[in-house]
Amino acid sequence: MDVDIPEIPSRYDAYRQGLREFIVGNLPELAFKQRSGLRAPEDPEDVVKLRRWVRGLHDAGYGANRDDPFEARISIEELERTRIPYVLGNPLVAGAIVRFGTEQQRAAYLPAIASGEHIWTQLFSEPDAGSDLTSLRTRAVLDGGHYVVSGQKVWSTWAQFSDFGYLLARIGSGAGRDGITAFILDMKSEGVTTRPLREITGTTDFNEVFLDSVRIPVENMIGEPGAGWSVAQASLAHERGTLPGDKEQDPAGALVRAARHRRRGGRAAIEDGAVRQQIGRVAARSLMERYLGYRVQTRAANNQTAAWDAPLVKIWFSELNLEVADYALRLLGGRGALVEDEPLAHEDGRWQDTFLYARSWTIAGGSNEILRNVIGERALDLPREPRGDR
Ligand SMILES: Cc1cc2nc3c(=O)[nH]c(=O)nc-3n(C[C@H](O)[C@H](O)[C@H](O)COP(=O)(O)OP(=O)(O)OC[C@H]3O[C@@H](n4cnc5c(N)ncnc54)[C@H](O)[C@@H]3O)c2cc1C
């Protein structure tokens, strides 16, 4: 297939310039450092500043959700460079509300998601329901004009700062996909307890969320009762296509810097032919990653998206990312293990942080093993793997 990503026409130069000026004038000063991954700030004051920043971008006509595809591309390019989040929490619910929501839900939530006024978290995973979401146990029982919801969620990114949750719970006594229903949960509702989890990287990006007889108005259901599986599948497909927002744009370039910095046997590591070959392999594979991404975008623009497009990009990115981080640590030797603020740390300790986070990209949005199953079954028409006795 031809990959067709048109050049950005010069008439957009003024838009880019305006955005650059906006960034210089408004970039917030934060305690939070955006490193690898979907980091959540530690300091609530940073969240206030981030909300102001996203609101400012939105009101000035910038931000990643522009309808004009060239403006959207420019916004993403320029904003990624700031390494400050420009989308807060998990915006995937927007796609679900556009496709399955009511008029009232669209009016109430979509503008507030775009402007950063509402931060969302995704409440799908449970302690015993991750890859296999059909085993989720959170229950919703109808009581007059409300559903009463009880259960536990986990790995809920940004939940500690979220205003709303995109929740999956089961109605009725069925099993498997039966009864799974999508809801909008006001995170300030009585009975919601959010407990941040501290990770190996030192930050608290994830949370456990406990739901104890939480009352959700019936009008907060997204789609039909029991149709939550289809709602969730649409969002997950989108997630796999968009992960991650924050990544090294030029991994080979970053490795070249590390190899110049590192001296071995009296000379820079970059002078070693084996090191250059490894960096060359990374450069080739990251170019392939970029064109895989373009290919998926082209297919999406032509309404030709296939079930394996997004999984392929996600597997490719996450495995290359892990390999690059692993290689950078080996290249840097002991210095690679130093953390930020250590005087001898290379680039403020970025590689140990990237390495510690990198495994999570092979899990987030559906683990790579599950995505390989998707490709095997839906693209290659291989026999379906046994589903156990469920
Ligand atoms: C960075 C990050 C952000 C996340 N954010 C959120 C969030 O905001 N909201 C949310 O709800 N969840 C979130 N998650 C959770 C994520 O969706 C789950 O971690 C993921 O679905 C895997 O589930 P699990 O952790 O329970 O692992 P399990 O499902 O228990 O899997 C354990 C291992 O077994 C393998 N495995 C399982 N089943 C199969 C199979 N059939 N075939 C082959 N191998 C299999 C898996 O690949 C994995 O290696 C996030 C995860 C990460 C890493």
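We did not get these values from a lab; they are worked out from the coordinates using the rules stated. Predicted, not measured: the structure shown is a model, and the values here were computed from it. Here the Cβ is made from the backbone with ideal geometry for all residues, glycine too, and neighbour counts use every protein chain on show.
Here are the numbers for the structure shown:
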quantity: Between 0 and 90°, nearest 10: helix 350-361 axis offset from the chain longest Cα axis; calculated: 40
quantity: Computed lengthening from residue 33 to residue 294, 0.36 nm per intervening residue step minus Cα-Cα distance; calculated: 91.0 nm
quantity: Among 154, 169, 306 - extreme Cα towards positive end, dipole of the chain, charges at beta-carbon; calculated: 306
quantity: Order of 46, 178 under a 10 Å beta carbon neighbour criterion, fewest first; calculated: 178, 46
quantity: Tally of Lys pairs whose C-alpha atoms are under 16 Å apart, taken over the chain, 8 or more apart or cross-chain; calculated: 4
quantity: The stretch 159-224: trypsin sites (Lys or Arg not before Pro) in DSSP loop, at most 15 other beta carbons within 10 Å; calculated: 188, 198
quantity: Largest-first principal axis extents, alpha carbons of the chain, Å; calculated: 76, 53, 45
quantity: The chain, dipole about Cα centre (Lys/Arg Cβ +1, Asp/Glu Cβ -1), debye to the nearest 20; calculated: 900
quantity: Within the stretch 10-87: Cβ-based charge dipole about Cα centre, in debye rounded to nearest 20 (Lys, Arg +1; Asp, Glu -1); calculated: 140
quantity: For 93, 87, order by how many other beta-carbon atoms lie within 10 Å, fewest first; calculated: 87, 93
quantity: Options 63, 355, 255, ranked by Cα towards positive dipole end of the chain, top entry (Cβ charges); calculated: 255
quantity: Isotropic mean projected area of the C-alpha convex hull, the stretch 247-379 (nm²); calculated: 9.0
quantity: Projected label distance in nm at residue 385 and residue 103, using a 7 Å step from Cα toward the beta-carbon; calculated: 4.5
quantity: Per-residue [θ]222 nm for the chain (sum of -39500 (n - 2.57) over DSSP H runs n ≥ 4, rounded to 500); calculated: -13500 deg cm²/dmol
quantity: Cβ charges +1 (Lys, Arg) and -1 (Asp, Glu), total dipole of the stretch 247-379, debye; calculated: 460
quantity: Cα long-axis angle, helix 13-26 against the chain (0 to 90 degrees, to the nearest 10); calculated: 80
